Amino acid sequence: MTKTVNHWIGGKTVEGTSGQYGPVTDPATGAVTTQVALASAEEVDAAVAAAKAAYATWGTSSLAQRTTVLFRYRALLDAHRDEIAALITAEHGKVHSDALGEVARGLEIVELACGITTQLKGELSTQVSNRVDVSSIRQSLGVVAGITPFNFPAMVPMWMFPLAIACGNTFVLKPSEKDPSAANLLAELAAEAGLPDGVLNVVHGDKVAVDALLAHPDVAAVSFVGSTPIARYIHATASANGKRVQALGGAKNHMLVLPDADLDAAADAAVSAAYGSAGERCMAISAVVAVGAIGDELVAKIRERAEKIKIGPGNDPTSEMGPLITAAHRDKVASYVTGAAAQGAEVVLDGTGHTVEGFEDGHWIGLSLLDKVSTDSDAYKDEIFGPVLCVLRVDTYEDGVALMNASPFGNGTAIFTRDGGAARRFQLEVEAGMVGVNVPIPVPVGYHSFGGWKDSLFGDHHIYGNDGVHFYTRGKVTTTRWPDPADAPAGVDLGFPRNH
């Protein structure tokens, strides 16, 4: 019998009642291994109701109570790293070491949440006028929701709910229906750590569940990570319903390589950043911009390294890259490679025919490298979300920055150079939210915030870090005047009461 992934509502597993289920496949074999219950609007209502009921007490709980739970939670997550990573590999397909890295980056935000006490400190100004003081505090919002993508089924949820609940909110998570099991395990471990019932809920589903969350009057805020078209829809719909929104969209991340760069280091970085996680990450480098005469040598070095990457099942310790999430996504990624030559690109590596012996039905694709790509080509303009690297050629630094800034996306970017002055100019001039200097994937550590510019972010707040705390709280300012005791009416005794 096929295993079923059900919802987690009010501190327990709740079987789906909609009658609708989605398939969950093992990307390495192509076999359906699990079905996931798809929530109806009524089931979303039940999850929000459980969160709202829990907020009555969790929202007024002490910081000490919240952080005690979070410290226990951090220890449990650490103890179950391998189990969480195995679920990610089984349903997403990424290699086990990559899945372990995902869990580690999620743990950074749990650790940040453990120290929430300092993040929630208010401010006080005394004597702003005669006997008048002004104080500022931050308070929780209530029920908040998170809608997360398939490519990081553990990390991205952990970018959201630990901070949200540390701030005193309760949470409803709608993870991707393509790889849902990790989210349930995260919730079960939170309950084991002592998180009260209803503080963290997980509802699985498709657009029906998403729309129910966006319209629900008891949901105060929505966090989202996914593609730009959906991020734009989430932002517009939730905002129209009066909700606070942070919606992180897609990307086309560029890496500028200057003539003075260490080309071996740049090639290593390009291969790991373009093909790691099979390119299924919004921080992948998908466009290398080679400046001056270095293009041929750089492409040769990238090709030499890419040809050595071993592709295979994620649970094989020798595999360096796994399959793509679905057969349909594999076919879409392949279409960009097959169409590249007709649009003027030189196909240096074509990975579209790749298979793995013994796993012929898996969602396999090899590494593709496209050189001399035009900015008008589909392979450059679209977010491919697969192991396809485009190389573009420009004559000067200024041409490279202009090319990058013309992109509608502004998520992450990188420069490889030995020149500190050029790097300083780049970090100030490039129009992107995250910049790497000789660092190919500039994902900030947990106590700095993650987020892009332009079509890579809709809403005013980046995710986690200080922005995350501000997103999950709202400010309140109190102005106070107390009379001076010397002005009290005659006869009032301000001393201790007398007992005889």
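The values are calculated or read from the model by the stated rules, or taken from the named source; none is laboratory data. Bear in mind that the values here come from a model prediction, so they are computed numbers and not experimental data. A quick note on method: Cβ atoms are made from the backbone with ideal geometry, for glycine too, and the neighbour counts reach across all protein chains shown. Quick note on the areas: whole protein, heavy atoms, side chains included, nothing else; ligands and nucleic acids left out. Shrake-Rupley method; radii C 1.70, N 1.55, O 1.52, S 1.80 Å.
If the limit is 20 Å between Cα atoms, which of Lys52/Lys207; Lys381/Lys454; Lys252/Lys308 go over it? Beyond 20 Å between Cα atoms: Lys52/Lys207; Lys252/Lys308. Seen from every direction in turn and averaged, the convex hull around the alpha carbons of the chain projects onto 29.8 nm². Counting only Cβ charges, +1 for Lys and Arg and -1 for Asp and Glu, the dipole size of the stretch 364-451 around its Cα centre is about 320 debye. Which translational diffusion coefficient, to the nearest whole µm²/s, is obtained for the stretch 412-480 from the Stokes-Einstein equation, given a Kirkwood hydrodynamic radius over C-alpha pairs, 20 °C and 1.002 mPa s? The Stokes-Einstein estimate is 155 µm²/s. Sorted largest first, the principal axis extents computed over the alpha-carbon atoms of the stretch 59-110 equal 41, 19, 15 Å.
Around Arg393, with a cut-off of 10 angstrom between Cβ atoms, what is the net charge of the other residues, counting Lys and Arg +1 and Asp and Glu -1? For residues surrounding Arg393, the net value is -3.
For Thr338, what is the net charge nearby, where nearby means another residue's Cβ is under 15 Å from its Cβ and Lys, Arg count +1, Asp, Glu -1? Result for the local shell: -3. Taking all protein chains as they are arranged and a probe of 1.4 Å, the heavy atoms of Lys12 leave approximately 120 Å² accessible to solvent. Remark: the chain carries a charge dipole of roughly 1560 debye about the Cα centre, counting +1 on each Lys and Arg Cβ and -1 on each Asp and Glu Cβ. For a quick check: with amide H placed at 1.01 Å from N, whose amide H comes under 5 Å from Val289's, ignoring anything fewer than 5 positions away on the same chain? Residues meeting the criterion, in which the H sits 1.01 Å from N, are Met255, Leu256, Val257, Leu392. The calculated 222 nm mean residue ellipticity attributable to helices in the chain amounts to -11000 deg cm²/dmol, summing -39500 (n - 2.57) over DSSP H runs of n ≥ 4 and dividing by all residues. Loop-located trypsin sites (Lys or Arg not before Pro) in the stretch 129-220 (DSSP state other than H, G, I, E, B) with a sparse environment of at most 13 neighbouring Cβ atoms within 10 Å: Arg131. DSSP finds beta bridges in the chain, and of those with both partners inside it, around 40 percent are antiparallel. Taking the longest Cα principal axis of the chain as reference, the axis of helix 41-58 is set at about 50 degrees.
Solvent exposure of the stretch 90-146, expressed per residue, is 42 Å² of accessible area, with all protein chains present and a 1.4 angstrom probe. Suppose R0 equals 41 Å. What FRET efficiency, 1/(1 + (r/R0)^6) with r the Cβ-Cβ distance, do Ala265 and Trp482 give to the nearest 0.05? That gives a FRET efficiency of 0.05.
Put a dot 7 Å past the Cα of Ala104, heading toward its Cβ, do the same for Glu431, and the two dots end up 3.6 nm apart. A straight line joining the Cα centroids of the stretch 51-82 and the stretch 378-422 runs 41 Å. The share of accessible area on the chain that comes from carbon and sulfur is 52 percent, using a 1.4 angstrom probe.
Compared with the dominant Cα axis of the chain, that is its longest principal axis, helix 420-429 is turned about 70°. The figure for Thr375 is an accessible area of roughly 60 square angstrom, using a 1.4 Å probe on the protein chains alone.
When all C-alpha to C-alpha distances in the stretch 218-268 are sorted into bins of 10 Å, what percent of pairs does each bin hold, rounded to whole numbers? Distribution as computed: 23, 30, 14, 18, 13, 2 percent.
For the stretch 337-386, the spherically averaged projection of the C-alpha convex hull amounts to 3.6 nm².
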